[in-house]
Each structure stands twice: as C-alpha cells, then as structure tokens.
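Asker: Got a structure for you, questions after.
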Amino acid sequence: MATKNWPLWEVFVRSKNGLEHRHFGSLHAADAEMALENARDVYTRRNEGVSIWVVESKHITASNPEHNGELFEPAQDKVYRHPTFYDLPDEVKHM
Amino acid sequence: MSEEQIKNLEAQFEARIARDEKIEAKDWMPEKYRQTHIRQMSQHAHSEIVGMLPEGNWITRAPSLRRKVALLAKVQDEAGHGLYLYSACETLGISRDELYDQLHSGKAKYSSIFNYPTVTWADMGAIGWLVDGAAIINQVPLCNTSYGPYARAMVRVCKEESFHQRQGYEIMIKLANGTPEQKEMAQDALNRWWWPSLMMLGPTDAESIHTEQSMKWKLKRKSNDELRQQFIDQTVPQADLIGLTIPDPDLKWNEEKGSYDFGEINWDEFWQVVKGHGPCNKERMNARVGAWERGEWVRDAAMAYAEKQQQKKEKQVV
Ligand SMILES: [Fe+2]
Ligand SMILES: [Fe+2]
C-alpha cells in the first residue's frame, strides 16, 4: 500500500489565445509540476491547448446546487437588466 | 428524509432527465443512479486500461515506423480514455484507489474481448477495425447520456476513436492486398476476432438485465441486438471490399429486412470468458497488477519528493 496517494488536480486548458481557460477534467499527480506534465499528456495530445492551469481539487469551493434557489433565482425577476425591457420608438434603428 | 420526500425527489430527478437536462456531480441523485454509474463508468475505464495490453504486445514489433508511431499513439489514447473516465467516475464520490482496488481484486469487470491473445501482427489490424469499430457503436450514443461528466468524457473519447478504427482497417487493407501469406494472416485474424467482436456488444436482449432503467437514464439508447445488427451491417461490406470473408456460413443479406441475417453466437464461450476462463484473463490481470505493484516505489518516491519540496518552500517563507 502506498504511503500516501497522489492528490487530485483539476485541469483547465486555454484552447487558443483569445479564449478563456476551460475545465477539461482532473487527474492525480504528486505535485503541481507533475500535474502540468500529466495534463499535457492526458488532455492535449492533439493540440487542444496553448496554456494549462492546474489547481489541487481541494482548493476549489463550489456552490451547492441545493442553494440554487436563493443564489440564482433573484436574477430571474430583474428583467430591467436586459435591453428588451426598454421601449423605444420604431424609428430608432441602431441601439 | 422521509420515504415520501425521496419519492418526490426521485420523480423530479427522472423528469429532469426526461427533459434532456444533464445531471452534474453535486446534484442530488438516487443512490441507484450513483451506483449504476460508478459500475458502468469504472468498467468502461478498466476496459480502456486493460485494452492497452493486447496491443502493447506488438509495439516493439510493428513492421514499420509508420505503423509503430500509429500504434503507439493509439495505445496512448486508450490510456487517456481510461483516465478521462476514471476522473469522471471519481466525481461520484469514489476514490481512484478504490476503483483500482476493484479491478485488481477481480471485483470489477472489464470488456471480455481483451482476454483474447494477439498472436500475429494482423491482430493489430483486426482489433482496430473490429474492436474499436464495435466500441464506437457502443460509445457514440453515450455522448448524450444524462450524467454530465460521463457525457463530456465520451465526447472526447469518440473524437479520438475514429483514427483507431482507420489505422486498423488500413493494416487489413495492406495485408489483404499483399502476398498470399499476408492475406492469409489477415483472414486468420478476422476469423479469430469476428465472433468475440459480436459478443462485445453484450448479451442478447432476452438475457440482458437492467436495460430498461439504463434506457431511461440514457446510459443506453439502443438494445444490444440493435447495436450488433448495426455493427454487422456496416462491417460486412468493408470485409467484402478488401476481399476477406466473414467467418459465418449463415451470413446472408436479407432483402426484406434490409440487413444481414447471421449465425448463432456461442454465448457459452462469452460467459466462460466473462467468468474468468478466457485464454488470457490471468495473464491480463497479472500484467496489470504487476505493473501497479512494481510502480509503487515510484509513486512513493514522487510523493516524498513533493512533500520535501513543499517543506522547503514553507521554510523559505518563514
Ligand atoms: Fe478507447
Ligand atoms: Fe480505441
């Protein structure tokens, strides 16, 4: 039995400049450097990326879907945050 | 939670899936959904990992550099597939260690096709063409399965599979158009891999358990028999094209059905292999467990090194 298991890392890849890093999956590695190297082999064998971020999974704080109501529902009735809420005369073309 | 509340949650859950909503890792899910997914996804991951062994057998003996780089890349992809799937499976709250343990102890299954030996180079052709071909038919519908992490892993897997099948078929084309001995080698490989490939698509519908539930959860969209028919109908013309003969005297085009009729599958053989009595079950497990055990000191050393580096860093900060 191994003394200690390699921790889990989350992998984020920027597929090309101009785009944001996106979550690709996870992997196990002993440290950050190895996580980067493994991420290259596991997630970018076909030029899927130009930049990789890795972060140990335990450092991610995630919202709980059970609280989705109080977190996200308040945005639903704020229609005035959308351009379609505002009445304009038909003559106004580009706005 | 009361039974009533659970029933309620379950009904909402099923409705979400029916509406084609995806389930994500932290969402509430019925325990049975979690367990079924852990079982199917881990079996799938194990199959990718064990599946490297029969082909790994030929990497050093590939007949040309072109074939060697292709086979190497394919086997490396299979490792990647295993890792995508293990990591997706871990989102359901099971650790990688437990998953390996289930494989190594024999508690978890992997696809029985990998318990057949690879005795000639032509087997690399037959595996890519038939085994990856059957795998694609099985896997494409999973890109739309209900569990988000599984569906995303499958999208990645499916993108990579088509090269696998093509490189296998190309090997078969070359051999089939080669010397009489080479053609014979290709035919022999087809003879040996045809029936196991048909079995790979799973037991007949009459004998297959948990299909209905799997359909609801989109773990399955077509029945095993439908998938098998699809595989046969697409593969027979490919064999014809390169002048190889499918080893089934009962194989016949059925004009009325618009598909092929085929002979009886030897399900006894299938169950024997599943139960561990195939030609290579022991060899595969020994290779896998051996590699894991022989790698233990490396894993430990890497961890010790990482901890030391971390301590050093912390000291510098102080
Ligand atoms: Fe694969
Ligand atoms: Fe493959």
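Asker: Hey, if you put +1 on the Cβ of every Lys and Arg and -1 on every Asp and Glu Cβ in chain B, which of B:ILE136, B:PHE163, B:GLN229 ends up farthest toward the positive end of that dipole?
Answerer: B:PHE163
Asker: Give the carbon-plus-sulfur fraction of the accessible surface of chain B in %, rounded to a whole number; probe 1.4 Å, heavy atoms of protein chains only. Could you put the intermediate results ahead of the total?
Answerer: Numbers: 8750 of 16080 Å².
Ligands and nucleic acids excluded, carbon and sulfur reach 54 percent.
Asker: If you stretched the chain out fully between B:ILE6 and B:GLU170, how much longer would it get, using 0.36 nm times the residue separation minus the C-alpha to C-alpha distance?
Answerer: Stretched fully, the B:ILE6-B:GLU170 segment lengthens by 53.7 nm.
Asker: About the Cα centre of the stretch B:20-118, what is the dipole size in debye to 20, counting +1 per Lys and Arg Cβ and -1 per Asp and Glu Cβ, all else neutral? Kindly include the intermediate steps, with their values, before the conclusion.
Answerer: Details: 13 positive and 13 negative charges, 111 e Å.
Once rounded to the nearest 20, the dipole reads 540 debye.
Asker: How far is the Cα center of the stretch A:1-79 from the Cα center of the stretch B:20-67, in Å?
Answerer: Measuring centre to centre over Cα atoms gives 20 Å.
Asker: Output the relative contact order of the stretch A:2-81, whole-number percent, from Cα pairs under 8 angstrom with separation of 6+ residues.
Answerer: 32 percent
Asker: Placing +1 on the Cβ of each Lys and Arg and -1 on the Cβ of each Asp and Glu in the stretch A:1-45, which of A:PHE24, A:ASN5, A:MET34 has its Cα farthest towards the positive end of the resulting dipole?
Answerer: The one lying farthest along the dipole's positive direction is A:PHE24.
Asker: Which of the aspartates and glutamates could a cross-linker span from B:LYS107 if the Cα-Cα distance has to be under 14 Å and same-chain partners fewer than 8 positions apart are dropped?
Answerer: Of all the aspartates and glutamates, those that pass the test against B:LYS107 - Cα under 14 Å, at least 8 places apart if same chain - are B:ASP97, B:GLU98.
Asker: For a test of the definition: using alpha carbon positions, the gyration tensor, and the 1.5 limit on a/c, classify chain B as rounded, prolate or oblate. Working shown, then result.
Answerer: Working: a/c = 2.11, a/b = 1.23, b/c = 1.72.
The shape class here is oblate.
Asker: Same structure again: Just want to confirm a number: the relative contact order over chain B, from Cα pairs under 8 angstrom separated by 6+ residues, in percent. Could you put the intermediate results ahead of the total?
Answerer: Numbers: 327 pairs, mean separation 57.3, N = 318.
Dividing the mean separation by the residue count of chain B yields 18 percent.
Asker: May I ask for the distance between the Cα centers of the stretch B:187-217 and the stretch B:246-270, given as a whole number of Å?
Answerer: For the stretch B:187-217 versus the stretch B:246-270, the Cα centre distance is 13 Å.
Asker: How large is ³J(HN,Hα), in whole Hz, for each residue of the stretch A:4-16 in order, when computed from phi with the Karplus curve 6.51 cos²θ - 1.76 cosθ + 1.60 and θ = phi - 60°, using x for Gly and Pro?
Answerer: 8, 7, 5, x, 8, 10, 9, 10, 10, 10, 8, 6, 7
Asker: Keeping every protein chain present and rolling a 1.4 Å probe, give me the accessible area per residue for chain A in Å².
Answerer: 76 Å²
Asker: Which cross-chain or sequence-distant (5 or more) residues have an amide H under 5 Å from the amide H of B:ASP248, H modelled 1.01 Å from N in plane?
Answerer: none
Asker: Okay, moving on. Spin-label point model (7 Å from Cα, Cβ direction): what's the B:ARG39 to A:ASN47 distance in nm?
Answerer: 4.4 nm
Asker: I'd like to compare B:239-252, A:35-48: which one has the highest average count of other Cβ atoms within 10 Å, and what's the full order after that?
Answerer: Working: B:239-252: 14.6, A:35-48: 16.6.
Output ranking for B:239-252, A:35-48: A:35-48, B:239-252.
Asker: Taking amide H positions as placed 1.01 Å from N in the peptide plane, with prolines and chain starts having none, which residues 5 or more places from A:PHE24, or on another chain, fall under 5 Å of its amide H?
Answerer: Long-range HN contacts for A:PHE24: A:VAL11, A:PHE12, A:VAL13.
Asker: Kindly flag which residue pairs out of B:LYS74/B:LYS183; B:LYS7/B:LYS216; B:LYS159/B:LYS218; B:LYS109/B:LYS174; B:LYS26/B:LYS313 have an alpha-carbon separation exceeding 26 Å in this structure. If you can, show how the numbers build up before the last one.
Answerer: Details: B:LYS74/B:LYS183 24 Å; B:LYS7/B:LYS216 17 Å; B:LYS159/B:LYS218 20 Å; B:LYS109/B:LYS174 35 Å; B:LYS26/B:LYS313 34 Å.
Result: B:LYS109/B:LYS174; B:LYS26/B:LYS313 exceed 26 Å.
Asker: A follow-up question, please. Per DSSP H run of n ≥ 4, the term is -39500 (n - 2.57); total these for chain B, divide by its residue number, and report the mean residue ellipticity at 222 nm rounded to 500 deg cm²/dmol.
Answerer: Numbers: 14 runs with 208 residues, N = 318.
After summing the helix terms and dividing by residue count, I get -21500 deg cm²/dmol.
Asker: What are the radius of gyration and Dmax of the protein assembly as shown, computed over its Cα atoms and given in Å?
Answerer: Considering the protein assembly as shown through its Cα atoms, Rg and Dmax are 24.9, 82 Å.
Asker: With charges only on Cβ, +1 for K and R and -1 for D and E, what is the dipole size of the stretch A:2-81 about its Cα centre, in debye, rounded to 20?
Answerer: Working: 10 positive and 12 negative charges, 71 e Å.
I would put it at about 340 debye.
Asker: Rounded to two decimals, what is the ratio between the C-alpha radius of gyration of the stretch A:2-81 and 2.2 N^0.38 Å?
Answerer: Values: Rg = 17.1 Å, N = 80, 2.2 N^0.38 = 11.6 Å.
The stretch A:2-81 yields a ratio of 1.47.
Asker: In terms of Cα to Cα distance under 19 Å, which aspartates and glutamates are near enough to A:LYS16, apart from those fewer than 8 places away along the same chain?
Answerer: Straight-line reach from A:LYS16, under 19 Å: A:GLU37, A:ASP41, A:GLU48.
Asker: Moving on to the next point. All other residues with a Cβ under 13 Å from the Cβ of B:GLU226 taken together, and with Lys, Arg as +1 and Asp, Glu as -1, what is their net charge? Don't skip to the end; give the middle numbers.
Answerer: Numbers: positive: B:LYS220, B:ARG221, B:LYS222, B:ARG228, B:LYS257; negative: B:ASP205, B:ASP225, B:ASP233.
Cβ neighbours under 13 Å give a net charge of +2.
Asker: Where in chain B are the helices, taken as whole DSSP H runs, whose Cα atoms extend 24 angstrom or more along the long axis and whose Kyte-Doolittle mean reaches at least -1.0?
Answerer: On the way: long enough: B:31-50 (28 Å, -1.34); B:65-90 (37 Å, -0.04); B:148-176 (42 Å, -0.42); B:180-200 (30 Å, -0.91); B:224-241 (26 Å, -0.97); B:296-317 (32 Å, -1.49).
TM-like helix candidates: B:65-90, B:148-176, B:180-200, B:224-241.
Asker: Could you report the buried accessible area between B and A, both sides summed, computed with a 1.4 Å probe and given in Å² to the nearest 100? Before the final figure, lay out each step's value.
Answerer: On the way: alone 17070 and 8220 Å², together 23310 Å².
Chains B and A together bury roughly 2000 Å² of accessible area.
The values are calculated or read from the model by the stated rules, or taken from the named source; none is laboratory data. Predicted model, so just to flag it, every value in this text is computed and none were measured. Ideal geometry is used to build each Cβ from the backbone, glycine not excepted, and the neighbour counts take in all protein chains shown. To get the accessible areas, we keep the full protein, side chains included, count just its heavy atoms, and leave off ligands, DNA and RNA. Shrake-Rupley method; radii C 1.70, N 1.55, O 1.52, S 1.80 Å.
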